[in-house]
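Student: Sharing a structure below in structure tokens format, with a few things to ask.
Coordinate-derived values only; no laboratory data. Model, not experiment: these values are computed from the prediction. Heads up, the Cβs are rebuilt from the backbone with ideal geometry, glycines too, and the neighbour counts pull from every protein chain shown.
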Amino acid sequence: MATPDHDAIIVGAGFSGIYLLHKLREAGFNVLLVDAAAQPGGIWYWNRYPGARVDSQVPLYEFSLPEVWQTWSWSERFPGWEELRAYFNHVCDTLDLWPLMRMSTNVDSARFDEDNSIWHLQLGGGDTVSTRFLLPALGFASKPYIPDISGLENYAGEWCHTARWPQQGIDLEGRKIAVIGTGASGVQVAQEAAKSAKNLTLLQRTPILALPMQQERLTDLAQKREQKDYPDIFNRRKQTSAGFDCQSLEVSALEVDKDERDAHFEYLWQRGGLRFWYHNFADLLTNREANRHAYDFWRDKVRARIADPALAEKLAPIEPPHPFGTKRPSLEQDFYEIFGQDNVALVDLKETPIARIKTNAIETATGEIECDLIVFATGFDAGRGGLIDMNITGRGGLGLAQAWDDGLRAYLGMAVAGFPNMLFSYGPLSPSGFANGPTSAEIQGDWICDFMVWLRDSDIKLFDAETQAEQGWTEMVAQAGAMTLFPEADSWYMGANIPGKKRQLINFPSLSGYAAVCDDVAQNGYRGFATVKSTNKEPFAQ
Ligand code: N01
């Protein structure tokens, strides 16, 4: 029986990976973290385009570890990528994690060795390393999606995806810029590009239903005062359905009269952030009529900021393009005002689709958009993309891509039958896309760590999700989705943004509900997992 180099290898240095590293080291495991990025931060390493900033307000988007938050303060209510990266360095310094981290190292492939119940990882650069447990923590958005548009190969200008923005940056000043896509990334980059580009053309297929950020500068003093409430806030965020400070009301939007309804909408609007999405009426995402009230309120607020009626109809149509909140809303600061500038134009791709890319322009059905920089803000193969790219091979030579050929399946959104000793965090069929990242990272990280301690204490060398348990969970996520309005939108939540991807809700829509099920599974001897005891009593690396 071969002894692995490590008890656990974590792949990814974002919130999930870093938290797991800290917890597993504390629990006495021999653990290594590997990441292709040069610095920790996960998406905040890769998405360093101008304007990239988080959409959860301080202190929701940070670890609840007192040694970390007591020694840190933010400069803005919604911090930008540079500050988030600095935060990750602070975390790694404070928790002394650097010696366990191998950065700038890609995992080219991972293969399960059935004879020895261990994983062998092939790392970029030629090294191999083995581990008892493989813990991918790649985030839901690690695989950028670039649509197949003919002519891109001959384009003479510069182009990049928002999630592959060069680390040295791109100068936007005086450029002729085309941004394709109006999701959260497109909105953020457009707001910045509008400040200094010679021309900015935003190519929109579906209008984004963006909410006001209500950004604020923060002072150290005020934060220190507020820190007395942090333990309560961190505790509370674990008990909410999306991992924020509060959740939807218990009352239906249809139970109250218009004045009362609008008063609550207005309150959410003024407080800013994603509250209009997560602290709205109980049936916002389950009842079309209730949802329509929210959409109409949103639409009228936005249209009041756009002078040109034709433009207003494109950005905030009278009839909703999809129910409000069934595609991820983004936060905006002056998104609706930039279209009033002479250097900014909007192209509606539904009316005038892209025909091809030429050497110096994007050709649409009605003309050419000259540009020297094309920004693809076209999203991600969410949930599965990064995992598939890791070339993971389980029992019997089955690849993960093959296993997910007919759609995503995973027990608790963490384990795939036939891929023993592997648990991913923030993955498909977990609440990831619907949940605040750090809250989810801590809930899953604590659970995974407890599971590993239990395996060690029980002399277990191998676990695998049972097929029936996996099927049950996969169906449960689909049923939960069917009770909502999410299936009505062509969103990445539904896998609908990637040609050929099976249409299914890729995330479980309640973090607190999820945590309760995971606790119950643990209390029932980790039901749903088949296990094999160690024969040599030394299942873990020494
Ligand atoms: O990607 P998206 P994103 N031709 O998939 C369009 C998080 N995030 O990177 O809607 C033309 O949302 C597509 O059009 P349509 C957040 O969870 C957070 O913006 O499919 N257009 C859409 O407009 C977010 O939800 C922050 O019709 C095409 C856009 O590209 C998630 O990441 C910041 C096209 C893609 O939008 C992803 O956001 C950024 C084509 N062939 C991201 N294909 C924060 O603020 C796609 N599009 C924290």
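Student: How large is the helix-only mean residue ellipticity at 222 nm for the chain, computed as the sum of -39500 (n - 2.57) over DSSP H runs with n ≥ 4, divided by its residue count, in deg cm²/dmol to the nearest 500?
Tutor: That calculation yields -9000 deg cm²/dmol at 222 nm.
Student: Name the shape class, rounded, prolate or oblate, that the alpha-carbon gyration tensor gives for the stretch 46-104, where a ≥ b ≥ c are the square roots of its eigenvalues, rounded holds for a/c under 1.5, and otherwise prolate holds if a/b is larger than b/c and oblate otherwise.
Tutor: Judged from the Cα gyration tensor, the stretch 46-104 comes out oblate (a/c at least 1.5, b/c at or above a/b).
Student: Treat each spin label as a single point 7 Å out from the Cα along the C-beta direction, and report the Ala516 to Ala478 distance in nm.
Tutor: With each label placed 7 Å out from Cα toward Cβ, I get 2.4 nm.
Student: Name the residue from Ser430, Trp44, Ala417 whose Cα lies farthest towards the positive end of the charge dipole of the chain, charges +1 on Cβ of Lys and Arg and -1 on Cβ of Asp and Glu.
Tutor: Ala417
Student: While we're on this one: If you filter the stretch 49-115 for chymotrypsin sites (Phe, Trp or Tyr not before Pro), then keep DSSP loop positions with at most 14 other Cβ within 10 Å, what is left?
Tutor: none
Student: Filter the GluC sites (Glu not before Pro) in the stretch 47-150 to those in DSSP coil with at most 14 other Cβ atoms within 10 Å of their Cβ, and list the result.
Tutor: For GluC sites (Glu not before Pro) across the stretch 47-150 that sit outside H, G, I, E and B with at most 14 neighbouring Cβ atoms in 10 Å, the list reads Glu114.
Student: Right, next: Taking neighbour Cβ counts within 10 Å as the exposure measure, how do Ser512, Ser430 sort from fewest upward?
Tutor: Ser512, Ser430
Student: So how far apart, in nm, are the two label points at Tyr267 and Asn116 if each is 7 Å from Cα heading toward Cβ?
Tutor: Between Tyr267 and Asn116, the simple spin-label model gives 6.1 nm.
Student: Here is a follow-up. Tell me which residues come under 5 Å, amide H to amide H, from Gly42 once H is placed; ignore anything under 5 positions away on its chain.
Tutor: Ala13, Gly14
Student: Could you state the number of Å between the C-alpha centres of the stretch 472-541 and the stretch 258-316?
Tutor: Each part reduced to its Cα centre gives a spacing of 31 Å.
Student: Continuing with this model, one more query. Give me Thr439, Thr182, Thr240 ranked fewest to most by other Cβ atoms within 10 Å of their Cβ, as a rough exposure proxy.
Tutor: Thr240, Thr182, Thr439
Student: Another question, if that's okay. With respect to the cross-link table entries Lys327/Lys501; Lys327/Lys502; Lys23/Lys533; Lys143/Lys502; Lys195/Lys314, which display a Cα-Cα separation exceeding 19 Å?
Tutor: From Lys327/Lys501; Lys327/Lys502; Lys23/Lys533; Lys143/Lys502; Lys195/Lys314, over 19 Å: Lys23/Lys533; Lys195/Lys314.
Student: Hey, got the dipole for the chain? About the Cα centre, +1 on K and R Cβ, -1 on D and E Cβ, debye to the nearest 20?
Tutor: Approximately 260 debye in magnitude.
Student: Ok, one more. Could you tell me whether the chain comes out rounded, prolate or oblate from its Cα gyration tensor? Rule is a ≥ b ≥ c as square roots of the eigenvalues, rounded for a/c under 1.5, then prolate if a/b exceeds b/c, otherwise oblate.
Tutor: In terms of gyration-tensor shape, prolate.
Student: Would you please give the residues with an amide H less than 5 Å from that of Leu373, counting only those at least 5 places away or on a separate chain, with H modeled from the backbone geometry?
Tutor: Glu158, Lys176, Ala178
Student: How big is the charge dipole of the stretch 358-457 about its Cα centre, in debye rounded to the nearest 20, if each Lys and Arg gets +1 on its Cβ and each Asp and Glu gets -1 on its Cβ?
Tutor: 440
Student: From Cα pairs below 8 angstrom and at least 6 apart in sequence, can you work out the relative contact order of the chain, rounded to a whole percent?
Tutor: Once divided by the residue count of the chain, the mean separation gives 21 percent.
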